[in-house]
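Dropping a structure here in structure tokens format, bear with me for questions.
The values are calculated or read from the model by the stated rules, or taken from the named source; none is laboratory data. As the structure is a computational prediction, the values presented were derived from the model and not from experiment. Neighbour counts run over all protein chains shown; Cβ positions are idealised from the backbone, glycine included. Just so you know, the surface numbers come from the protein's heavy atoms only, side chains and all, with ligands and any DNA or RNA stripped out. Shrake-Rupley method; radii C 1.70, N 1.55, O 1.52, S 1.80 Å.
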Amino acid sequence: MSETSSRNAPRRVALVTGAADGLGREFATALARRGYRVAGLDLADMSGTAELIGDGFHPVRADVADAEEVDFAVEEAATRFGGLHVVVNNAGVHPPLDFERTTLEDWRRIMRVNLDGPFLVSRAALPHLKAAGWGRVVNIASSAAFVGPPDLVAYTTSKAGLVGFTRALSSAVGGYGITVNAIAPSLTRTDEPGDLVSTLLYVCDEGSGSLTGQTINVDGGRAGTGR
């Protein structure tokens with residue numbers, strides 16, 4: 001981050017979905033260390049994340065696929081911190097399912113969390129990002145969208161939709177100083193958290209204003225080899 005960005009960072013506010021653990025906790029903690037005030041949105045207990053971050057963290061309990069809950073949660077976060085600038089759509093589910101045994105309920109549940117969630121959160125956040133005159137929306141996709149694992153048809157479809165959503169939304173909001181990008185980790189993330197965090201901080205940086213509509217694979221080259 002540039003020197004100017006570092007001075008401005010304390011005035012920035014980030015909302016991270018799925019912040020209770022895993023990558024969401026990593027992202028929330030990294031943004032807080034950069035000086036962001038962070039709101040976490042999750043159905044699970046976020047006390048562990050709160051302990052790591054301290055006073056700069058505000059947990060909001062909500063289902064990312066429930067429009068009313070999302071609207072309320074985003075408004076609460078923006079009110080608590082006086083605005084909103086960065087949205088990280090990290091919450092997601094990825095149950096392995098045999099395609100022929102996938103029920104319509106299974107399919108809809110995966111789409112609701114992985115695709116409806118980012119739509120609802122981004123839609124609720126956009127008025128605040130526009131008001132700020134600057135914003136970053138970061139969608140956590142998956143390299144599965146480019147590999148197509150046979151036991152993850154529904155999940156892969158949802159993440160491919162998220163890639164398209166990223167591209168189209170970037171065109172819709174670019175005139176407001178808002179960028180929209182996606183990060184695509186591999187399904188095996190044990191060696192990736194540091195790379196994913198650094199990529200997130202890069203796309204959120206004030207100096208990355210020309211980077212938008214892109215999906216960045218952080219998968220150790222697995223998408224290119226089909227692994």
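Can you go through S158, S186, S198 and tell me which one is at pLDDT 95 or above, of a type in the set (G, A, S) and surrounded by 15 or more Cβ atoms within 10 Å (Cβ to Cβ)?
Answer to the check: S158.
Scanning segment 28-39 for residues that are assigned to a strand (DSSP E or B) and either at pLDDT below 95 or out of contact with any His (no Cβ under 7 Å at 6 or more places or on another chain) (or both), which turns out least open to solvent (accessible area, probe 1.4 Å)?
Ranking the candidates gives V38 first.
Which pairs turn up if I take residues in segment 194-213 that are within 15 Å of A28 (Cβ to Cβ) and look for partners that are open to solvent by 40 Å² or more (accessible area, probe 1.4 Å) and outside any loop (DSSP other than H, G, I, E, B) with beta carbon separation below 7 Å, at least 6 apart in sequence or on another chain?
V197/E26
Taking the stated definitions as given, is V138 in contact (Cβ under 8 Å) with a residue 60 or more places away in the chain and either closer than 23 Å to E75 by Cα or acidic (D, E) (or both)?
When the stated conditions are applied, V138 passes them.
To continue, here is another question. Restricting attention to segment 40-49, and to residues there that are surrounded by fewer than 19 Cβ atoms within 10 Å (Cβ to Cβ) and hydrophobic (A, V, I, L, M, F, W, C), which single residue is farthest from G83 (Cα to Cα)?
Here the residue is A44.
Would you confirm, using the coordinates I've provided, whether V147 is hydrophobic (A, V, I, L, M, F, W, C) and in contact with a strand residue (DSSP E or B) (Cβ under 6 Å, 6 or more places away or on another chain)?
In short, no.
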